[in-house]
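This report refers to the structure that appears directly beneath it.
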Amino acid sequence: MELTRDNVLEVLRGVKHPEKNSDLVSLQMVDNLRIDGKQVLFTLSLPKANDPFTGSIKKACENQIKNNFGEDIKILITVPVSVGKVKIDKPGILPGVKNIIVVASGKGGVGKSTVATNLAVALANSGFQTALVDADIFGPSIPKMLHLEEMKPQVHKVDGRDMIIPVENYNLKILSIGFFVDPDDALIWRGPMATNALKQLLHQGDWGELDFMVVDLPPGTSDIHLTMVQEIPVTGAIIVSTPQDVALADAVKGISMFRSEKINVPILGLVENMAWFTPEELPDKKYYIFGKGGCEKLANQYKIPLLSQIPIIQKIRESGDLGKPPAADKNTILGGIFRDLAAKVVEQLEKRNKELPPTQRLIIKN
Ligand SMILES: Nc1ncnc2c1ncn2[C@@H]1O[C@H](COP(=O)(O)OP(=O)(O)OP(=O)(O)O)[C@@H](O)[C@H]1O
Ligand SMILES: [Mg+2]
């Protein structure tokens, strides 16, 4: 029998749960089934935390797969383990993606999408396989920032599954809900519709092998944030803020959310955006329009590296509107700012990956 997702599911119908008198597939206990070459990966969602039959069911699945597809098939079955109300599981989700970075802020309009887009472009420019995901379901702005408003991604079949082919530009793989709906319609989406759309982008995107997936989040601390950490193991978060007090106060909320025991996503650093303004005709002057040193203070207080201070530059606003990210121009001052930011992010990620274990996806049991 050919090793395809459908065939594996068919074969797993032959494995019964000893207490339920029905098979695992009918009981919807097989999740996230993927075929990767000669490897079969899936999650076994058993009804009880630490189900006593876990070992025997796993063994039965392995036997069933090997008997039908050959002894040389590698099998990775993940069984979530329960820790109080929160379950933690092992890899298997987006296994080809090495690092997932979310770009967040407390306050809206501080420059998340600008930072996420230009960071992704700079990472790609540095030779890393990079993707950019627009998770701002209610106000997607990535299509405009990369001048891709008219793009309609194609769908193709991989192992019998419909997968969305990300749009490619600036050496990035890009998906945004903006490619599928009119931005004006996105605003009226209700919570579950929005979270389902995001899940689809993450899991049905044909991402392949990636060094970095950069995710642009909506402002605040919303359902979408919770969906992200439930759906994928986020390696680290970058917080963007302007130096003004209201933005900093909201940034603290964001920091607290990522650092909360439940979410527990390491913060890679803080980016101060709109740090000052320098008029073209007065290149030596810095006007601190939103206040001075706010992010540095915050970074010290919370022991978070300050990754970059990006001034207010008319060209940043213009290139955002034109869909030409300034980071693409390596040899300009602006290109240099984002290249340095990318280097700092890589440095912090290496440190994080050395010092801390991989982030586990959060599973909340009903
Ligand atoms: N350093 C900067 N200099 C000039 N303009 C900037 C700068 N950073 C961002 N902008 C502009 O400010 C506006 C808001 O930026 P952006 O969309 O990146 O913010 P955001 O935090 O993603 O907003 P939202 O919360 O709505 O998602 C955009 O028009 C952008 O071009
Ligand atoms: Mg945005």
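Data overview
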{"quantity": "Helices (runs of 4 or more DSSP H) lying entirely in segment 50-166 (those with 1 or more residues that are within 16 Å of ligand 1 (Cβ to nearest atom), modelled with pLDDT of 90 or more and not polar (S, T, N, Q))", "calculated": "112-125, 142-145"}
{"quantity": "Any hit, segment 272-292, residues being outside any helix (DSSP H, G or I), under 30 Å from Met151 (Cα atoms) and at pLDDT 95 or above", "calculated": "yes"}
{"quantity": "Residues located in segment 265-321, provided they are touching a residue at least 40 places away in the same chain (Cβ under 8 Å) and within 16 Å of ligand 2 (Cβ to nearest atom)", "calculated": "Val271, Asn273, Met274, Ile310, Ile316, Gly320, Asp321"}
{"quantity": "Filtered residues of segment 203-255 (kept if part of a helix (DSSP H, G or I), within 16 Å of ligand 1 (Cβ to nearest atom) and touching a residue at least 60 places away in the same chain (Cβ under 8 Å))", "calculated": "Ile224, His225, Met228, Val246, Ala247, Ala249, Asp250, Ala251, Lys253, Gly254"}
{"quantity": "Filter result (touching a helix residue (DSSP H, G or I) at 6+ places or on another chain (Cβ under 8 Å), of a type outside the set (A, V, I, L, M) and assigned to a strand (DSSP E or B)) within segment 17-41", "calculated": "His17, Asp23, Asn32, Arg34"}
{"quantity": "Residue in segment 156-170 that is crowded, with 17+ Cβ neighbours inside 10 Å, within 17 Å of the chain's Cα centre (by Cα) and within 14 Å of ligand 2 (Cβ to nearest atom) present", "calculated": "no"}
{"quantity": "Matching option when the condition is closer than 15 Å to Ala135 by Cβ and at pLDDT 95 or above, among Met213, Met228", "calculated": "Met213"}
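Here's the yes/no breakdown for (1) crowded, with 19+ Cβ neighbours inside 10 Å; (2) touching an Asp or Glu at 6+ places or on another chain (Cβ under 6 Å); (3) modelled with pLDDT of 85 or more:
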| position | (1), (2), (3) |
| --- | --- |
| Ala194 | yes, no, no |
| Pro219 | yes, no, yes |
| Gly236 | yes, no, yes |
| Ala249 | no, no, yes |
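The values are calculated or read from the model by the stated rules, or taken from the named source; none is laboratory data. These numbers come from a predicted model, not from an experiment. So basically every Cβ, Gly included, is an ideal-geometry build from the backbone, and we count neighbours across all protein chains shown.
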